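Here's the structure we're looking at; comments come further down.
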Amino acid sequence: MKEMKVTLLRITQDAEDLIASAGRVCYASEPKTPDANRKLIGKLRDMGHLSTFEHASATFLIECVSRACTHQLVRHRLASYNQQSQRYVNEQGFEYVTPPTVDKNPEARKVFDEGVENTRRTYKRLMELGVPKEDARFILPNACATKIVVTMNFRELRHFIKLRTGEGAQWEIKKLAQEMLAILKKDAPTAFGDM
Ligand SMILES: Cc1cc2nc3c(=O)[nH]c(=O)nc-3n(C[C@H](O)[C@H](O)[C@H](O)COP(=O)(O)OP(=O)(O)OC[C@H]3O[C@@H](n4cnc5c(N)ncnc54)[C@H](O)[C@@H]3O)c2cc1C
């Protein structure tokens, strides 16, 4: 199984300039220089004037994550998603994500891999029996690897990242949120630099 891969497909051009412009509509007095933009965005962020952050958004392609992870991701409603379909894509020989607790335990790893192999065989057999993909998929595990495109505005990204990098967050979505944050910090350092 390959590693989780997070790719930034698009981000609002001059995102921080746009956020500052929106903020400047509220406080007409700010000068329009990069330094003034940074100060204004920091002020908007710290005072919770986050509707200004909604004007900028980012789109990510996320690959090689489990369906368990994407199920948590899509609970975030203020976002747009497209995910690889198990209705239309043949999942014979599906790739899967192995949790670290299983991976580092040789006996558990063996049991896990055998379980996946059995599931692959069952899926294939169901297909041979004429069951359509959309029904054969009912046997597939949460471990199944998938890919998904997500678009969120900066306000929702901050919310998502805060929740999903927090103490109670599950390891895989935490890793995903951390990778997204690392990318965003490069492209929008003021909007995400405090996280
Ligand atoms: C550590 C952790 C454990 C979790 N465990 C469980 C669990 O056991 N079971 C479970 O079902 N879920 C669980 N969740 C999911 C959680 O309940 C949320 O569904 C998920 O985090 C999405 O966040 P959100 O509700 O803030 O939605 P988002 O879509 O990210 O919404 C952003 C914000 O918009 C506002 N908003 C959006 N929709 C509405 C609305 N309809 N009404 C009012 N305000 C709205 C809220 O302020 C919300 O915070 C868990 C989440 C975390 C982080």
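The values are calculated or read from the model by the stated rules, or taken from the named source; none is laboratory data. It should be emphasised that the depicted structure is a prediction, and the values quoted were computed from it without experimental measurement. A quick note on method: Cβ atoms are made from the backbone with ideal geometry, for glycine too, and the neighbour counts reach across all protein chains shown.
Residues in the range 157-179 that are of a type in the set (Asp, Glu) and within 13 Å of the chain's Cα centre (by Cα) were compared, and the one that is nearest to the ligand (Cβ to nearest atom) is 172. Every test in (1) within 24 Å of the chain's Cα centre (by Cα); (2) more than 20 Å from residue 171 (Cβ to Cβ) is passed by residue 144 save one, and that test is (2). For the range 88-115, a residue qualifies if it is buried (at least 16 other Cβ atoms within 10 Å of the Cβ), of a type outside the set (Phe, Trp, Tyr) and in contact with a strand residue (DSSP E or B) (Cβ under 6 Å, 6 or more places away or on another chain), and exactly one does: 97.
For (1) surrounded by 15 or more Cβ atoms within 10 Å (Cβ to Cβ); (2) over 29 Å from residue 139 (Cβ atoms), each residue gets a yes or a no:
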position: 18; (1), (2): yes, yes
position: 27; (1), (2): no, yes
position: 36; (1), (2): no, yes
position: 48; (1), (2): no, yes
position: 53; (1), (2): yes, yes
position: 58; (1), (2): yes, yes
position: 66; (1), (2): yes, no
position: 78; (1), (2): no, yes
position: 86; (1), (2): yes, no
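Kindly list, by first and then second residue, each pair from a residue in the range 65-81 that is under 20 Å from residue 158 (Cβ atoms) to a residue that is near the ligand (Cβ under 7 Å from one of its atoms) and aromatic (Phe, Trp, Tyr), limited to pairs with Cβ atoms under 9 Å and residues at least 6 apart or on different chains. From residues that are under 20 Å from residue 158 (Cβ atoms), the pairs are 73/160; 76/160; 78/160; 79/160. Considering the range 132-156 alone, what residues qualify as being closer than 24 Å to residue 8 by Cα and within 15 Å of the ligand (Cβ to nearest atom)? Selection gives 150, 151, 152, 153, 154, 155, 156.
You will find that of 124, 174, 162, the residue that is in the same structural domain as residue 71 (by TED's automatic domain parsing) and either surrounded by fewer than 16 Cβ atoms within 10 Å (Cβ to Cβ) or touching a Phe, Trp or Tyr at 6+ places or on another chain (Cβ under 9 Å) (or both) is 162 and no other. Among the residues of the range 91-108, those identified as closer than 21 Å to residue 139 by Cβ and not in a loop (DSSP other than H, G, I, E, B) are 96, 102. Flag: residue 106 does not match the condition of being at pLDDT 95 or above, more than 12 Å from the ligand (Cβ to nearest atom), in contact with a Gly (Cβ under 9 Å, 6 or more places away or on another chain) and farther than 21 Å from residue 13 by Cα.
Looking at the range 114-195, the helices (runs of 4 or more DSSP H) lying wholly inside it that each contain 3 or more residues that are within 27 Å of residue 44 (Cβ to Cβ) and of a type outside the set (Phe, Trp, Tyr) sit at 154-164, 171-187, 189-192. In this structure, is residue 88 of a type in the set (Ser, Thr, Tyr) and assigned to a helix (DSSP H, G or I)? Against the criterion (of a type in the set (Ser, Thr, Tyr) and assigned to a helix (DSSP H, G or I)), residue 88 does not qualify.
Listed by position, the helices (runs of 4 or more DSSP H) inside the range 1-83 whose residues that are more than 16 Å from the ligand (Cβ to nearest atom) number at least 1 are 15-26, 34-47.
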